[in-house]
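Okay, so here's the structure we're looking at.
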Amino acid sequence: MQGLTPAPIDFAWLVFPFRTAEGWGLVDTGFSDPAMAERFKLTEFTPPARLLERLGVRPEEITDLILTHGHWDHAGDLAAFPRARVWMSQAELEDMRLRLSDESWVDGYRREDLEQLDKVEAAGRLRLIKGTTTVRPGVEVVVMGGHTAGCLAVRLGKTVLATDNAYLFRNLSERRPIGKAARLGGEDALSRLLEMGPSLIPGHDPELIRRYPSVAEDVVKLP
Ligand SMILES: [Zn+2]
């Protein structure tokens, strides 16, 4: 009998800046460590702060930063945004603390990112979320769980960022939760997402770059 080898999937690492009357905000920091880009074999890599520069935005202008969850590729560059209030789920932070209590790397969580979160908390900039919360008018976060203990979905106007409860458009169209989340209530998170509206944006799909209009190199405008 022959084993099946899954075809490699094209993956993009993304952050989502947004602007409202209150100024600029950002969903996820991404990461800036080139060693991580190398470790995960990225073929192209631009640190998110550099991508923001292409929009004419300085990191200090980000005043609300929403962390969808604590994984290194989403929370890996907190120090780059020194003025931002940081919004994340309390359940996520508690789980992150627990898992990192005797390890420095576990399942995508890194001790160094937790240490940065401790600094944000000490500076009075941390905002912990327990349920659906309005960050600003038109910007709402919903605690979904699924992918991680307190993974968020983010509603930006009519658009809903599914983040890592759906890596790709295929996860949404085929109602297929990503593997890791299946045992953590991922199916439930996915069906709740599908009820959140027609304009769902997956968390890691390179198709986003092709599908939406470019406004700068490697930067597209979502609906
Ligand atoms: Zn993740």
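Here are the numbers for the structure shown:
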item	result
Residue match in region 57-68 (condition: within 15 Å of the ligand (Cβ to nearest atom) and assigned to a helix (DSSP H, G or I))	no
Meets criteria (within 26 Å of N171 (Cα to Cα) and either in a helix (DSSP H, G or I) or not aromatic (F, W, Y) (or both)) for E38	no
Among the candidates V160, V135, residue that is more than 13 Å from the chain's Cα centre (by Cα), part of a strand (DSSP E or B) and crowded, with 16+ Cβ neighbours inside 10 Å	V135
Every pair of residues 6+ apart whose Cβ atoms lie under 7 Å, when the first sits in region 200-223 and is surrounded by 15 or more Cβ atoms within 10 Å (Cβ to Cβ) while the second is polar (S, T, N, Q) and assigned to a strand (DSSP E or B)	I201/T159; G203/T163; L222/T159
Residue check for R54: within 16 Å of the ligand (Cβ to nearest atom), under 24 Å from F11 (Cβ atoms), surrounded by fewer than 22 Cβ atoms within 10 Å (Cβ to Cβ) and at pLDDT 95 or above	no
Qualifying residue in region 119-128 (condition: in a helix (DSSP H, G or I) and under 16 Å from H69 (Cβ atoms))	yes
Selection count where residues are within 16 Å of the ligand (Cβ to nearest atom) and in a strand (DSSP E or B), scope region 142-157	4
Index of the failed condition, D33 passing every other in (1) at pLDDT below 95; (2) more than 15 Å from the ligand (Cβ to nearest atom); (3) farther than 24 Å from A216 by Cα; (4) not small (G, A, S)	(3)
Residue in region 86-94 that is more than 16 Å from the ligand (Cβ to nearest atom), of a type in the set (A, V, I, L, M, F, W, C), buried (at least 18 other Cβ atoms within 10 Å of the Cβ) and in a strand (DSSP E or B) present	yes
Pair list, Cβ under 6 Å, 6 or more apart: region 60-80 residue without any contact (Cβ under 8 Å) to a residue 24 or more places away in the chain, other residue charged (D, E, K, R) and more than 9 Å from the ligand (Cβ to nearest atom)	E60/R83
From the options D107, D73, residue that is crowded, with 18+ Cβ neighbours inside 10 Å and acidic (D, E)	D73
Filter pass, D113 being in contact with a helix residue (DSSP H, G or I) (Cβ under 6 Å, 6 or more places away or on another chain), closer than 23 Å to H204 by Cβ and touching a residue at least 12 places away in the same chain (Cβ under 8 Å)	yes
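The values are calculated or read from the model by the stated rules, or taken from the named source; none is laboratory data. Owing to the predicted nature of the structure, the values given are computational and were not obtained by experimental measurement. Cβ coordinates were reconstructed from backbone atoms using ideal geometry, including for glycine residues, and neighbour counts include every protein chain displayed.
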